[in-house]
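S.K.: Take this structure first; my questions come after.
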Amino acid sequence: MAFLSYRNVRVAGMSVGVPKRKVCNLDVADISKDYDAASFVEVTGVKERRIGELTVSDLAVPAANQLLDDLGWEKSTVDGLVVVTQHGDYIVPATSCILQDRLGLTKECMAMDISLGCSGWVYGLSSLVSMMSNGNLRRCLLICGDARRRVEFKDPLFGFAATVTALEYNEEENEMCFHLGTDGSGYDAIIIPDGGARNQITPSSFVPQEIDGREYTPLQSRMKGMDVFSFGITTAPKSVKKLAEHFGFDYSSYDYLVLHQANMKMNNMIAKKLKFPIDRVPSSMWNYGNTSSASIPLTIATQLKDACSNGTVKLLCCGFGVGLSWGTVALDVNGIIISDLVEVEE
């Protein structure tokens, strides 16, 4: 059972980088075979998205620089960098190596990538905190997000973002508790079929195929919507309950439940199953859509900035999706620095 707990590491700050360009779903006439634009927005909760000719490193660099300035951290003091993304700048090398150089971090900085999506912030946090908890790494950055440079404007759920979470060693910090899980039998529920080692690129990789009334090439992500929906509303509440039971706490006593921003209908059902008040389940998808591994920290940074910057807040965060994988973390944040939103020009 993947239950983990670590002490001595605190969240020091967060920042978010998004493209400046906005796309409004209300302006997309043929947004879905099942809904008109207004109905789609009402059901999914996604009105606007940010997209543009940018990569995740393009978004991360100004966001990270802003956060480091706001924290007053010298770049020479950053010991580690973990990047969680499904759309790295290149297949090889790792985007973390590129960002180490672009950010001007020292050559002694540990850097690595994790290839995960919706659960990625929780997985990345658990990995980095585990390496920091003994004090060998003192200050680290966790960068999460996805940006694909070129994407159909009519792809109605997904937006681009990169988030930066700054972590620091602190012997007085309370423990973070994690529950992590995987069901790889559902690997094809969210998938880009071509472009990896198994299905290498051929001329047919560029030929559109109709799937659920929308055209995708095998180099574009496609999703079995109902399978993912069923997985999310079943697995997420179970993970929260298992975490609370294993570590012996009352999850309803937490200030906020921050869910991966999949869609509004799914998240409302998860909150209902947990009997968690909906006014304590913040959402950012109205303005930013589903931003993959960025969605949980983006929601904290944009919706809970005042609360997290001015006192102690108890957070339950749950990510679930591609893999299929999931992760839940219980943590306290106290007086963290949250930078203003960074809008990046193309």
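S.K.: Between rounded, prolate and oblate, where does segment 1-100 land on the alpha carbon gyration tensor, with a ≥ b ≥ c its root eigenvalues, rounded for a/c under 1.5, else prolate if a/b exceeds b/c?
M.R.: Note, shape of segment 1-100 comes out prolate.
S.K.: Still on this structure, please answer the following. Give me P(r) over segment 103-226, computed from all C-alpha to C-alpha distances, binned every 10 Å, as integer percentages.
M.R.: Going from the shortest bin to the longest, the percentages are 9, 32, 30, 20, 9, 1.
S.K.: Another question, if that's okay. Dipole of segment 1-142, Cα-centred, from +1 at each Lys and Arg C-beta and -1 at each Asp and Glu C-beta, to the nearest 20 debye?
M.R.: In total the dipole reaches around 420 debye.
S.K.: Report the FRET efficiency, 1/(1 + (r/R0)^6), for Ser253 and Gln209, where r is their Cβ-Cβ distance and R0 is 45 Å, rounded to 0.05.
M.R.: 0.40
S.K.: Now for a separate question. Tell me, what HN-Hα J-couplings in whole Hz come from the Karplus equation 6.51 cos²θ - 1.76 cosθ + 1.60 at θ = phi - 60° for each residue of segment 52-66, using x for Gly and Pro?
M.R.: Whole-Hz 3J(HN,Hα) from phi for segment 52-66: x, 7, 9, 9, 5, 5, 4, 7, 6, 4, x, 5, 5, 4, 5.
S.K.: Shifting gears a bit: Let me know the whole percent of all Cα-Cα pairs from the chain that are separated by more than 28 Å.
M.R.: 38
S.K.: So who's got an amide H within less than 5 Å of the one on Glu48, skipping anything under 5 residues away but keeping other chains? H placed 1.01 Å off N, in plane.
M.R.: Distant-sequence amide H within range of Glu48: Asn25, Asn287, Tyr288, Gly289.
S.K.: Here's something else I'd like to know. In whole Å, largest first, what are the principal axis extents of the Cα atoms in segment 304-346?
M.R.: 37, 34, 10
S.K.: One quarter of the convex hull surface, Cα atoms only: what value does that give for segment 247-346 in nm²?
M.R.: The directionally averaged projection comes out at 7.5 nm².
S.K.: Can you list which of the trypsin sites (Lys or Arg not before Pro) found in segment 240-342 are DSSP loop residues with at most 13 other C-beta atoms within 10 Å?
M.R.: Here the trypsin sites (Lys or Arg not before Pro) that fit, given the DSSP loop and packing criteria, are Lys275.
S.K.: Taking the convex hull of the alpha carbon atoms in segment 157-249, what volume per residue do you get, in Å³?
M.R.: 176
S.K.: Given 5 Å bins starting at zero, what is the percent of C-alpha pairs of segment 186-297 in each, up to the one with the largest pair distance?
M.R.: Histogramming segment 186-297 at 5 Å steps yields 2, 10, 16, 18, 16, 12, 9, 7, 5, 2, 1 percent.
S.K.: Taking a point 7 angstrom from the Cα of Cys24 along the C-beta vector, which residues in segment 35-52 have backbone N less than 19 Å away?
M.R.: Within reach of a label on Cys24: 36-52.
S.K.: Determine, from the Cβ-Cβ distance of Asn134 and Leu219 and an R0 of 45 Å, the FRET efficiency 1/(1 + (r/R0)^6), rounded to the nearest 0.05.
M.R.: Approximately 0.60, to the nearest 0.05.
S.K.: With every protein chain present, what is the per residue accessible area of the chain (1.4 Å probe, Å²)?
M.R.: Using a 1.4 Å probe on heavy atoms only, each residue of the chain averages 44 Å².
S.K.: With a ≥ b ≥ c taken as the square roots of the eigenvalues of the C-alpha gyration tensor of segment 183-234, please select rounded if a/c is under 1.5 and otherwise prolate if a/b is larger than b/c or oblate if it is not?
M.R.: Oblate, because a/c is 1.5 or more while a/b does not exceed b/c.
S.K.: What percentages make up the Cα-Cα pair-distance distribution of segment 48-132 when the bins are 10 Å wide from 0?
M.R.: 16, 48, 33, 4, 0
S.K.: Follow-up question, since we're still on this one. Say we join alpha carbon atoms closer than 10 Å with springs in a Gaussian network model of the chain; which of Thr163, Thr235, Thr106 then has the biggest fluctuation?
M.R.: Comparing Thr163, Thr235, Thr106 in the GNM, the peak value goes to Thr106.
S.K.: For the chain, set up a Gaussian network in which alpha carbons nearer than 10 Å are linked by springs, and say which option among Ser325, Ser127, Ser284 fluctuates the most.
M.R.: Of Ser325, Ser127, Ser284, the Gaussian network model singles out Ser127 as fluctuating most.
S.K.: Just Phe160, Phe178, Phe231 to compare: in a GNM of the chain, with alpha carbon springs under 10 Å, which one fluctuates most?
M.R.: Answer for the Gaussian network model of the chain: Phe231.
S.K.: At q = 0.21, 0.29 Å⁻¹, what is the log10 ratio I(q)/I(0) for segment 217-264, with the Debye formula run over Cα points and no solvent?
M.R.: Debye intensities relative to I(0), on a log10 scale: -0.84, -1.14.
S.K.: Quick one: of the DSSP bridges fully inside the chain, what percent are antiparallel, nearest 5?
M.R.: Among the beta bridges of the chain, antiparallel pairing accounts for roughly 70 percent.
S.K.: Cα-Cα pairs above 26 Å in segment 34-187: how many percent?
M.R.: Of all Cα-Cα pairs in segment 34-187, 34 percent lie more than 26 Å apart.
The values are calculated or read from the model by the stated rules, or taken from the named source; none is laboratory data. Since the structure is predicted, the reported quantities are computational estimates derived from the model, not experimental observations. When we count neighbours, we look across all protein chains shown, and the Cβ atoms used for this are built from the backbone with ideal geometry, even at glycine. With ligands, DNA and RNA removed, areas are computed over all heavy atoms of the protein, side chains included. Shrake-Rupley method; radii C 1.70, N 1.55, O 1.52, S 1.80 Å.
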